[in-house]
1. Working carefully through the options Gly62, Gly58, find the one that is of a type outside the set (A, V, I, L, M, F, W, C), assigned by TED's automatic domain parsing to the domain that holds Glu32, crowded, with 16+ Cβ neighbours inside 10 Å and modelled with pLDDT of 95 or more.
2. Out of curiosity, is His131 crowded, with 17+ Cβ neighbours inside 10 Å and in contact (Cβ under 8 Å) with a residue 60 or more places away in the chain?
3. Please work out which one of (1) surrounded by 16 or more Cβ atoms within 10 Å (Cβ to Cβ); (2) in a loop (DSSP other than H, G, I, E, B) is the condition Thr106 fails and give its number.
4. Could you check how many residues of region 91-103 are outside any strand (DSSP E or B) and either surrounded by fewer than 22 Cβ atoms within 10 Å (Cβ to Cβ) or without any contact (Cβ under 8 Å) to a residue 60 or more places away in the chain (or both)?
5. Looking only at residues in region 231-254 that are within 11 Å of the chain's Cα centre (by Cα) and acidic (Asp, Glu), which one is surrounded by the most Cβ atoms within 10 Å (Cβ to Cβ)?
6. Of the residues in region 251-281, how many are part of a strand (DSSP E or B) and closer than 28 Å to Asn167 by Cβ?
7. Could you look through region 110-129, keep only residues that are among the polar types (S, T, N, Q), farther than 19 Å from Thr287 by Cα and assigned to a strand (DSSP E or B), and pick out the one that is farthest from the chain's Cα centre (by Cα)?
8. For region 255-271, does any single residue satisfy the condition of being at positive phi and either buried (at least 16 other Cβ atoms within 10 Å of the Cβ) or in contact (Cβ under 8 Å) with a residue 12 or more places away in the chain (or both)?
Amino acid sequence: MKTALLALLASVAVSTAQASQVQLGLELSGLEPMKGQHYEGWNIVDGAAQSTGRFSIGKDGGVYLVNAMGKSLKKVGQNGHASFSVDRSHLKATLFVLTIEPNSDTDMGPSDVHVMGGDYSRRQASLSVAHGSSIATDFAAAQGSFILAAPTGGMPNQGVWFLNPGNGQGSLSLPSLPDGWAYEGWIVNTENGGKFSTGVFKDATKADSDNAGPLAGPLKLNFPRVPGQDIVRTPVVLDDGIHAIVVTVEPYPDFDPAPYAIKILMAGVYANAPGMTPMMLNNISDTVPSGQAHLH
C-alpha cells in the first residue's frame, strides 16, 4: 500500500512538472557548426531575458543541447529544426533573440552577439538578422570591389586589397555594425576549401586588425590603410582561377577561426586577372541565416 502511494505521488509530481512547461520550437536555416562558441536562445518576458537553452550545430546537421562549456548533452533536433522545454511563463514572451555565447561562459545573461531576433505575434516569431534586436540590417545594400596587389614586395597576384586604385580610398560600402559584430575578409580556395583571413575590421575606410598580414613581404609598412592582405611568403597565387574573395560578418570577439555563416559579398578571381584592376564583389546576402520560433 505504501509503495503504491509513493508511486502515485511521484506520478502526480511528474505530471505537475510537465504541466508547468511548454515547448519552444525553432526552425533555423543558414547556421553552421562553430568551434569555441555555441548558440543560446532567449525569450524576453516582462522585459527580462529568459534563456531557452544553449545548443550547437553538428557536422551531421544535428542540433545538440550543450552546457555552458559547449559540451553536448543530447540531440534535440536535426537540420535546424529543434524543440526545447521552457517554463510556462515563456508564453508571455514578446521577443525572441538568438545569441552566440563563448564556451566556458560564466555570464548568465545574453552576450552582445545577437544573431537574429523577432517579435512574437500569436506565439510565433519570424527571425531575421535585420531585426532591431540583432544586427538591424539585411546587408542588401552592401557592395564593393577589390584589386590584386602586393605592395609589401611581391607579384600583384600575391595580395588582395579592398582599395579603389583611382583615388586610394577604401572600396567597400558596408552598413555600420552594432556591438558584438565585425567584418572580415577572406581568400578562399574553391577546390580544397583552404582559407586565409585578410583581417578583421569595423571601418572599411581604415586598416584592418593585422595591417598587411603575417605573410606580408619585406616592405611590411608599405601598404594602403584599408582592409586587405599580402600573402607573399606563400606559394599561393590568386589569379589561378580557383580562388575567391569573400566578406563575412563575424562575432566580435570571435572564438572560431573559420568564417561565420553571415556571408555578404563574394567574387571569384578569374584566371590571369591583372593587378591593380578593380573587380566587383557580388552581394550574396540572401544566404544569411533566418528562422521561425513558436511557443506551444
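1. Working: Gly58 fails: crowded, with 16+ Cβ neighbours inside 10 Å.
Gly62 is the lone residue from the list that is of a type outside the set (A, V, I, L, M, F, W, C), assigned by TED's automatic domain parsing to the domain that holds Glu32, crowded, with 16+ Cβ neighbours inside 10 Å and modelled with pLDDT of 95 or more.
2. Values: crowded, with 17+ Cβ neighbours inside 10 Å: yes; in contact (Cβ under 8 Å) with a residue 60 or more places away in the chain: no.
No; evaluated as a whole, the condition is false for this residue.
3. Looking at each condition in turn, Thr106 falls short on (1).
4. Step one: filter region 91-103 for residues outside any strand (DSSP E or B), giving 91-94, 103.
Subset that is either surrounded by fewer than 22 Cβ atoms within 10 Å (Cβ to Cβ) or without any contact (Cβ under 8 Å) to a residue 60 or more places away in the chain (or both): 91-92, 94, 103.
Residues in region 91-103 being outside any strand (DSSP E or B) and either surrounded by fewer than 22 Cβ atoms within 10 Å (Cβ to Cβ) or without any contact (Cβ under 8 Å) to a residue 60 or more places away in the chain (or both): 4 in total.
5. Glu250
6. Going through region 251-281, the residues part of a strand (DSSP E or B) turn out to be 251, 262-269, 279-280.
Keeping just the survivors that are closer than 28 Å to Asn167 by Cβ gives 263-269, 279-280.
Selection size over region 251-281: 9.
7. Kept after step one, since they are among the polar types (S, T, N, Q), are these residues of region 110-129: 111, 121, 124, 126, 128.
Filter once more, so that each one left must be farther than 19 Å from Thr287 by Cα: 111, 121, 124.
With the extra rule that they be assigned to a strand (DSSP E or B), the set shrinks to 121, 124.
Numbers: Ser121: 26, Gln124: 23 Å.
Ranking the candidates gives Ser121 first.
8. Of the residues in region 255-271, the ones at positive phi are none.
No, that holds for no residue.
The values are calculated or read from the model by the stated rules, or taken from the named source; none is laboratory data. In this text the structure is predicted, and so the values were computed from the model without any measurement. Here the Cβ is made from the backbone with ideal geometry for all residues, glycine too, and neighbour counts use every protein chain on show.
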